[in-house]
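S.K.: Take a look at this one; I'll ask things after.
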Amino acid sequence: MAKINLDSILEGRRSQPHMLVEVLLDLQDQEGYLPEEALKTVSKELGVPLIDVYRVAHFYKAFSLKPRGKNLITICTGTACHVRGSDLLVNQVRGQLGIEPGETTADGQITVECVNCVGACALGPIVIHNDAYCKNMTPGKLRRKLDKAAGRKKEAKDA
Amino acid sequence: MPRVSHAKDLEIIRSQADGRKSRTRLELVIPNGTCCQASGSAALIDAVRAELARQGLQQDVSVRVTGCLGFCEQEPMILVEPGNILYCQVSAKDAAEIVSRTVKKGEVIDTFLFLDPVSGKRIEKEADIPFYKAQSRQLIHMNRFVDPFSIEDYIATGGYQAIAKALKEFKPSAVIAEVKASGLRGRGGAGFPTGRKWEEAHEAPGDEKYVICNADEGDPGAYMDRCVLEANPHAVLEGMMIGAYAVGASKGYIYVRREYPLAVKHCRIAIQQAREYGLLGENILGSNFSFDVEVARGGGAFVCGESTALMTSIEGKVGEPRAKDVHTVREGLWGRPTVLNNVETWANVPSIVLNGAKWFASRGTERSKGTKILALTGRVKNTGLVEIAMGTPIRTIVYDIGGGPKNGNRIKAVQTGGPSGGCLPERLFDLPVDFDALWDAGSMMGSGGMVVMDDKTCMVDVARYFLKFLLDESCGKCVPCRVGIDRMLEIVTDIAEGRGRPEQLDLLQELAETVAEASLCGLGKSAPNPVLSTLRYFMEEYKAHVLEKRCPAAVCKALVTYSIDAEKCTGCGVCLKACPHDSITGEKKKPHVIDAALCQRCGICIGECKFDAITVL
Amino acid sequence: MLQYVNVTIDGAPVRAEKGTSVLDTAIHFGICIPHLCHIPGIHDMGACRLCIVEHVKNGRSKVTASCTLMVEEGMVIRTNTEKILKMRKNIAELLVAQAPNSKAIQDIAVRCGVKEVRYPFRNEDCVLCGRCVRICKERAQAHALGFIGRGKDRHVDHPPGRLMDYCKNCNGCIMFCPMSVTPCGGPMKKGEERLCGQCDSQLNADAQKMPGVCVWCELGKGFQCTRYLAV
């Protein structure tokens, strides 16, 4: 595995244990997940015991310890979206991709996460595809989006 | 960049802005917050700018890109001033027409005006729209005058005059007295008197003190703080500066949840600009007061909205709350005296200093002064951000502002205060929205979320939803919260799935009361509220589930059956294709059938059917 | 030099050492407040909530954990009001429903007055009391153990790799773990979970009739309650 460059993330933050969350957020943004080797380096450079680095990595939803798929689909399950049927979107994912929220498809194309409210409540149900906010989502719209993301053509059932 | 080293420098910038404004014939205000962008406002802005340039109109017509204006469902929108003309749900392809007809010729285009769902009429002026009329828009109103990327816009509206006045005319203790007299109470949920909090921090021993802005806004269904922070970050900064001056702090943090990337960006830019202008840093406005602010990002944890958890998060640790026998105003961030206030609380401070405590206290009720921004969502016609004077009855908010029920169903309840709050039934809708009235009724104001529920909402399902949320977000440290919520959820799930027993209702009540008193932090202590309030006001729904194995709202999957109405079904086959469980069969153009044994009641077919042919019993 | 403050616990005036917790003070004076996550000499967490008491101030009483509450001059504490006893019983009931197969947990439940368990039994082998984690951190200073995960996912674990890479073999975690004290008859058979209360043999009076009095019971043998340790 290629060595990860942590210099820009650690610059100005070495030996400052209180920067741990910011450092990990930057690492997550840069690599898409938190690689084990990088966490060991962070522990050493910031002066935080490795167990505490892992505590933080597992506590906050922002962090993923496994690589994420090419497409990150985030379904908002906040109250307003729930009342408008976000459960249907989660069911759609289960039925169509066979994975649970938090998991990635076997081909590494799609990771699905749930988030407890992104603050766009009047436009719910909301699905965020990588950085793009998609409003008023329905299972049908999500089905088409997932098909496109997986690079799949229409199912044989439609024939 | 001109440095602002004296209050009169602010005046110069302000008059320069006034001068620019007087040379402008027309102003197009286009909101571009997170919600707006999700609806396509960015493309609209580009199209409008391009069209103005193409028609050579950019000299005396200005475009101001702002944050959220509150009427979220109607975005993208353009507000044309002067004239107060509001165009709703317009897109990039409408830009050419708007520029040619409205901007160039002053024509009002009817089809772009707001269509009132209650009266069926088009309304030209924003101020005449019923959604806005019953509101008391102090804070949100300022959003239209400010481009969040421009500190000069903020200064032009009188920004930073309050800190200038405080530094020149008030000793710190006088600032505290003014805030105390105003009656301002924390807008984050607890409603603690802000002046008293500042006083305790001021009196706490220690030289190193902090002020923090809590922008963790984790309540699902609440996004007021996101709106204020994206749209007018300088108002929050100025409030924090005044607070820091009052308590003796020289460093501040704005803790923003990472799910709000735009708010993080806008705050960072605002801080950068304030530093460049000399309004943050050493010797602000030529005084002895030095203050700087940093943005700290959350990692994704609802519990970090709790003050001690938020502070340990800034310290780089996990967000686990600690006992608050010693308050954070004495021992907070790094054990130092810390004032933690909510975004909306800070944003209210500059106007209190500028206009005085009496002005602020002239609005609101006896013990809840000022205004409150609410996020009105759910089963009403008009959803969005609403600002009301404290004391406005729930009924006014739901029917006059919200426009009444969507889809003609009967409105049954409102849920206020997010997962820490409770559900209030329709018969209590004459209650005024203020801290104490809601608390006494078994709910709370919380951060301001108000979800409207109709008779297609199952209150047992609502309790279950919030318990699931809180179990997911609990830090897990203490037994009553971690295990108690788990067991409450187990009982409510039993009830929702038809396995409920009458003695479980008593156990649920007893367990809820224990969790409420014995938990370590506010998350656990308020976790039982949705359960307790639904048991109190909607016991008949619980009883129906337990004694009759029936869900009155036809929501709980285990207790309902889906079937296709053969008279309405056209045999289009859309549901068959959509069903992920292969439970629907039928030939083209003939009525389809659902196999109840395979059907998982996921609800996808209902969403897909265009003929309303699927019934739930 | 030691400083003292005057506090009142259950109506009894005591001179407490400044800087100690209400829990430590109570136990020292023979007032039993049931507890689980407290270890003498180790930083308190306030996680189990068994040691809750009512702190009476300005006419109002606040429910708070006594292990994290430091004594102050004039403090008034009630350890066994009806409300507190009920809550403590409910918390103990939750614990024993999670982990019935530990004598220590069963003893605590009986001590707190639990007669029947109204929840389906689960068979967790850890109650997340945090004793092992804190012993490892504060006594051995090995940082080999920590709480990983949030909410229901919270569990005790070590950093990736082998535990032996970090552990100093002090055996503190095993010594202080309540789950390592199994009931007399061995682990309960599935479907036959019940509380007999027979292991708490030194407590020959009904626990309910003498709340708050230390009887030098074998409560949580291996728990090292300070009074028991002092023998």
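S.K.: What order do you get for B:141-149, C:165-173, B:67-75 when each peptide is scored by the mean count of other beta carbon atoms within 10 Å, highest first?
M.R.: B:67-75, B:141-149, C:165-173
S.K.: According to the square roots a ≥ b ≥ c of the eigenvalues of the Cα gyration tensor, what is the shape class of the stretch B:459-547, taking rounded for a/c under 1.5, prolate for a/b larger than b/c otherwise, and oblate for the remainder?
M.R.: Prolate is the answer for the stretch B:459-547, as a/c is 1.5 or above and a/b outweighs b/c.
S.K.: Still on this structure, I have one more. Under the definition of partner shielding as Cβ atoms of other protein chains within 10 Å of a residue Cβ, what is the mean value for peptide B:12-21?
M.R.: What the average comes to for B:12-21 is 0.
S.K.: Output the direction-averaged projected area (hull surface divided by four) of the convex hull of the alpha-carbon atoms of chain C, in nm².
M.R.: If you wrap the Cα atoms of chain C in a convex hull and average its projections, you get 14.4 nm².
S.K.: Once you charge only the Cβ atoms, +1 for Lys and Arg and -1 for Asp and Glu, what is the size of the charge dipole of the stretch A:71-150 about its Cα centre, to the nearest 20 debye?
M.R.: 400 debye
S.K.: Among C:80-86, A:109-115, how do they line up from the highest to the lowest mean number of other beta-carbon atoms within 10 Å?
M.R.: The packing order, highest mean first, is A:109-115, C:80-86.
S.K.: For the peptides A:125-131, C:152-158, B:53-59, what is the packing order when you average, over each peptide's residues, the other Cβ atoms within 10 Å and list the highest mean first?
M.R.: A:125-131, C:152-158, B:53-59
S.K.: On a 0 to 90° scale, report how tilted helix A:36-46 is relative to the longest principal axis of chain A, with both axes built from alpha carbons and the result rounded to the nearest 10.
M.R.: 40 degrees
S.K.: Still on this structure, I have one more. Only helices at least 20 Å long along their axis, Cα-based, and averaging 0.5 or more on Kyte-Doolittle count here, so list those DSSP H runs from chain C.
M.R.: TM-like helix candidates: nothing returned.
S.K.: Helix A:20-31: angle to the longest alpha-carbon principal axis of chain A, degrees 0 to 90, nearest 10?
M.R.: Between helix and principal axis, roughly 60 degrees.
S.K.: What dipole magnitude, in Debye to the nearest 20, does the protein assembly as shown give about its Cα centre under +1 on Lys/Arg Cβ and -1 on Asp/Glu Cβ?
M.R.: 760 debye
S.K.: Which whole number of Å³ per residue matches the convex hull of the alpha-carbon atoms in chain B?
M.R.: 162 Å³
S.K.: Of all the C-alpha pairs in the stretch B:570-617, what % are more than 14 Å from each other?
M.R.: Cα-Cα pairs of the stretch B:570-617 separated by over 14 Å account for 42 percent.
S.K.: Could you tell me whether the stretch B:12-53 comes out rounded, prolate or oblate from its Cα gyration tensor? Rule is a ≥ b ≥ c as square roots of the eigenvalues, rounded for a/c under 1.5, then prolate if a/b exceeds b/c, otherwise oblate.
M.R.: Oblate, because a/c is 1.5 or more while a/b does not exceed b/c.
S.K.: Other chains' Cβ within 10 Å of B:33-40 residues: what's the mean?
M.R.: 5
S.K.: Treat every Asp and Glu Cβ in the stretch B:21-174 as -1 and every Lys and Arg Cβ as +1, leave all other atoms uncharged, and give the resulting dipole magnitude about the Cα centre to the nearest 20 debye.
M.R.: The dipole of the stretch B:21-174 has a size of about 420 debye.
S.K.: Would you report the distance distribution of C-alpha pairs in the protein assembly as shown as whole percents per 10 angstrom bin, up to the bin with the largest distance?
M.R.: 2, 10, 18, 23, 22, 14, 7, 3, 1, 0
S.K.: Moving to a separate point now. Have a look at the DSSP beta bridges in the protein assembly as shown and tell me what percent are antiparallel, nearest 5.
M.R.: Among the beta bridges of the protein assembly as shown, antiparallel pairing accounts for roughly 65 percent.
S.K.: Which one, B:ALA413, B:ALA181, A:GLN28, is farthest towards the positive end of the dipole of the protein assembly as shown when Lys and Arg carry +1 and Asp and Glu -1 on their Cβ?
M.R.: The residue sitting farthest along the positive end of the dipole is B:ALA413.
S.K.: Ok, one more. What helices does chain B have that are whole DSSP H segments, at least 18 Å long along their own axis by Cα, and with mean Kyte-Doolittle hydropathy of 1.0 or more?
M.R.: Those that clear 18 Å and a mean of 1.0 are B:233-247.
S.K.: May I have the extent of the alpha carbons of the stretch B:347-436 along their three principal axes, as whole Å values ordered from largest to smallest?
M.R.: Its Cα atoms span 46, 24, 23 Å along the three principal axes.
S.K.: Let me ask you something else. Using Cα atoms only, what is the angle between the long axis of helix A:86-97 and the major principal axis of chain A, expressed in degrees (0 to 90) to the nearest 10?
M.R.: Here the helix axis deviates by roughly 90 degrees.
We did not get these values from a lab; they are worked out from the coordinates using the rules stated. On a predicted model such as this, the values are computed, not experimentally measured, just so you know. As a convention, Cβ positions derive from the backbone with ideal geometry for all residues, glycine included, and neighbour counts pool all protein chains shown.
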